[in-house]
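The values are calculated or read from the model by the stated rules, or taken from the named source; none is laboratory data. The model shown is predicted, which means the values in this text are computed figures rather than measured ones. When we count neighbours, we look across all protein chains shown, and the Cβ atoms used for this are built from the backbone with ideal geometry, even at glycine. When the accessible area is computed, the model is the full protein with side chains, heavy atoms only, and any ligands, DNA or RNA have been set aside. Shrake-Rupley method; radii C 1.70, N 1.55, O 1.52, S 1.80 Å.
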Amino acid sequence: MNKKRGAMNVTSLGNEYTQEKNLQSHREKKHKRQTRRRLFAILFVGLLIIGGLGFKIMANQQALAKMKSEEVQVAKELKKANLDQRLLNNQIKQLKDDSYIEKLARAKYDLSKDNEIIFNLSGEATTKSLEESKKKIDADKKAETQESGKENEAPEPNS
């Protein structure tokens, strides 16, 4: 009785029934192993596909966020360019007016008409027309910023 309890020598019967049962159990084990391998292979491929798609989605979201910030910046630049264009168009209109050019030349370069004497008392009278045009430009800028502020507050339509 030196042998361990669970380790008994059992002889198998050599009949057809036991051989068939042994063969059937061997097939079942083999089938289970193949099923597990297929399952793990399918899971692995699925995880690779999901991981790749997830990575691509994240990259696209980052690119979209970057494009949106660029869009906001370009919109600001466009508003500034439109304002500058309006100011330049205003200057062009003023420069086409001979009386404005005459006032500008008189104020800036101390020019005078024939037989005219210029008395420069305080410099305020000569720059008055320039200050008026600057005030008009500033008023246009304020009106433009107020209009753009109202446009920003308006709800954007969903597309």
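Overview of values
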| quantity | calculated |
| --- | --- |
| Residues located in region 22-73, provided they are within 30 Å of Ser12 (Cα to Cα) and among the polar types (S, T, N, Q) | Asn22, Gln24, Ser25, Gln34, Thr35 |
| Out of Leu64, Leu48, sole residue that is open to solvent by 100 Å² or more (accessible area, probe 1.4 Å), assigned to a helix (DSSP H, G or I) and of a type in the set (A, V, I, L, M, F, W, C) | Leu48 |
| Selection status of Lys32, over 30 Å from Thr145 (Cα atoms) and either open to solvent by less than 80 Å² (accessible area, probe 1.4 Å) or at pLDDT 95 or above (or both) | yes |
| Matching residues in region 67-92 - criterion: being open to solvent by 70 Å² or more (accessible area, probe 1.4 Å) and within 23 Å of the chain's Cα centre (by Cα) | Met67, Lys68, Glu70, Glu71, Val72, Gln73, Val74, Lys76, Glu77, Leu78, Lys79, Lys80 |
| Lone unmet requirement of (1) modelled with pLDDT of 95 or more; (2) closer than 28 Å to Glu144 by Cα; (3) open to solvent by less than 80 Å² (accessible area, probe 1.4 Å) for Ile101 | (1) |
| Cβ-Cβ under 8 Å pairs, at least 6 apart or on other chains, region 85-96 side closer than 15 Å to Glu132 by Cα, far side open to solvent by 100 Å² or more (accessible area, probe 1.4 Å) | Asn90/Lys136 |
